[in-house]
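Note sheet for the following structure.
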Amino acid sequence: YYVRAYAINSTGVAYGLTETFETATVPTLTATGPISNLKTTGVTVTGKITDTGRLPILARGVVWSLYNDPLTAAPGNKIEYKSGIDTGTFSASIENLKPETVYFMWAYAINEAGISYATGLSLKSLAIQPPTVTTSDSINAITGYTAQFSGEVTDSGGDSVTARGFVWSTTPNPTIALSMGMQTGAGTGTFSGLISGLQPKTKYYARAYASNSKDTSYGEEVSFTTRGVIPTLSNVSTSNLLMTTVAAQASISADGGEPVVERGFIWNTNGASPTTGDSTLKLPRSGPDINGTLRFLIPGTTYYVWAYATNFAGTGYSSSFVTFSTPTLPTVTTTKP
């Protein structure tokens, strides 16, 4: 607009200098977009203010709706910034969208003259996918009955991971439909678990799994063979007890799936669990029976004896010990007649 003051008298009209001014308007924005990081439940949307409308920008942001009209946006479907306001590009990271749904979105800006919306855009959020999970090829704590595994859920597939864990079988490609499995929680990230109930000297196939509402995914398959276990033995019995010797008997109930490389008896005088410092009788490695004579005992002493057997998995002891006290010579005195 152009404006000037005037005054009138009998002579005529006089005008002052002409001044100009422009009225303020709502801000001007370019079209909404581009977008990035499109996911099942979110997206990042940009906007750009090219003209403030000759008034300070009070707020800017993005609104979205299921309908092609920004005025239909629900109160919660808005991201607004009120600091660092200026012209130029800004972005908003939108979350909590519904998977595989079409949305309309508009960048906007506000000054004292009102609110202005950029030309909107439409997009469709991604569909939920099965999770992505990996199986670590590092297997720890392998025994005859257990093995320790680890895995990682690297992508939820756009939905909550409700279960994760491990499955295993004596045949390839185990699934959660089998009875051999364990759950170790939920969510993304690394996880581990000690599986048990395995059979000694058996080859197994195992893999990590993760489930969401879409499906169950499996990590890479790994294989391992359980070890043999330590031998198991019957309880010890003794016979022919003398002052310095005693005969001991026991038998190997199971060799643990490994050759027995040593067997015999071990004893002490304190009843504590056997150690390498205790007296030991090593016997020939033939047959399940263990028979031997403990020698160089001390008369009048209480002893505790275990049977033992050793294979490549370790040493097993009889579940209980036998205890006895060696006899002494009688005490006799001669009296005068």
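The values are calculated or read from the model by the stated rules, or taken from the named source; none is laboratory data. It should be emphasised that the depicted structure is a prediction, and the values quoted were computed from it without experimental measurement. So basically every Cβ, Gly included, is an ideal-geometry build from the backbone, and we count neighbours across all protein chains shown. Side chains are part of the model used for accessible areas, which takes the heavy atoms of the whole protein and leaves out ligands, DNA and RNA. Shrake-Rupley method; radii C 1.70, N 1.55, O 1.52, S 1.80 Å.
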Of all residues making up the range 274-288, the number that are open to solvent by 60 Å² or more (accessible area, probe 1.4 Å) and either at pLDDT 95 or above or among the aliphatic types (A, V, I, L, M) (or both): 2
Residue under evaluation residue 335, criteria (1) over 52 Å from the mean Cα position of the chain (by Cα); (2) assigned to a loop (DSSP other than H, G, I, E, B); (3) in contact (Cβ under 8 Å) with a residue 12 or more places away in the chain, criterion not met: (3)
If I filter the range 73-88 for residues that are in contact (Cβ under 8 Å) with a residue 40 or more places away in the chain and surrounded by 14 or more Cβ atoms within 10 Å (Cβ to Cβ), do I get at least one hit? no
The conditions are (1) within 19 Å of residue 232 (Cα to Cα); (2) open to solvent by 50 Å² or more (accessible area, probe 1.4 Å); (3) out of contact with any Asp or Glu (no Cβ under 6 Å at 6 or more places or on another chain), and residue 302 fails exactly one of them. Which is it? (1)
Criterion (open to solvent by 30 Å² or more (accessible area, probe 1.4 Å), touching a strand residue (DSSP E or B) at 6+ places or on another chain (Cβ under 8 Å) and over 30 Å from residue 169 (Cα atoms)) met by exactly one of 225, 269, 232: 269
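Take residue 317 and tell me if it is aromatic (Phe, Trp, Tyr) and open to solvent by less than 50 Å² (accessible area, probe 1.4 Å).
no
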Which residues, taken from the range 2-37, are in contact (Cβ under 8 Å) with a residue 40 or more places away in the chain and more than 27 Å from residue 86 (Cβ to Cβ)? none
Taking only the range 282-332 into account, find how many residues are farther than 30 Å from residue 228 by Cα and in a loop (DSSP other than H, G, I, E, B). 14
Among (1) aliphatic (A, V, I, L, M); (2) open to solvent by less than 30 Å² (accessible area, probe 1.4 Å); (3) touching a Gly at 6+ places or on another chain (Cβ under 6 Å), which single condition is residue 49 missing? (3)
Which of the residues spanning the range 101-114 are more than 13 Å from residue 28 (Cβ to Cβ) and at pLDDT 95 or above? 101, 102, 103, 104, 105, 106
I'd like the residue in the range 254-266 that is touching a Pro at 6+ places or on another chain (Cβ under 7 Å) and more than 19 Å from residue 241 (Cβ to Cβ) and, out of all such residues, is most open to solvent (accessible area, probe 1.4 Å). 255
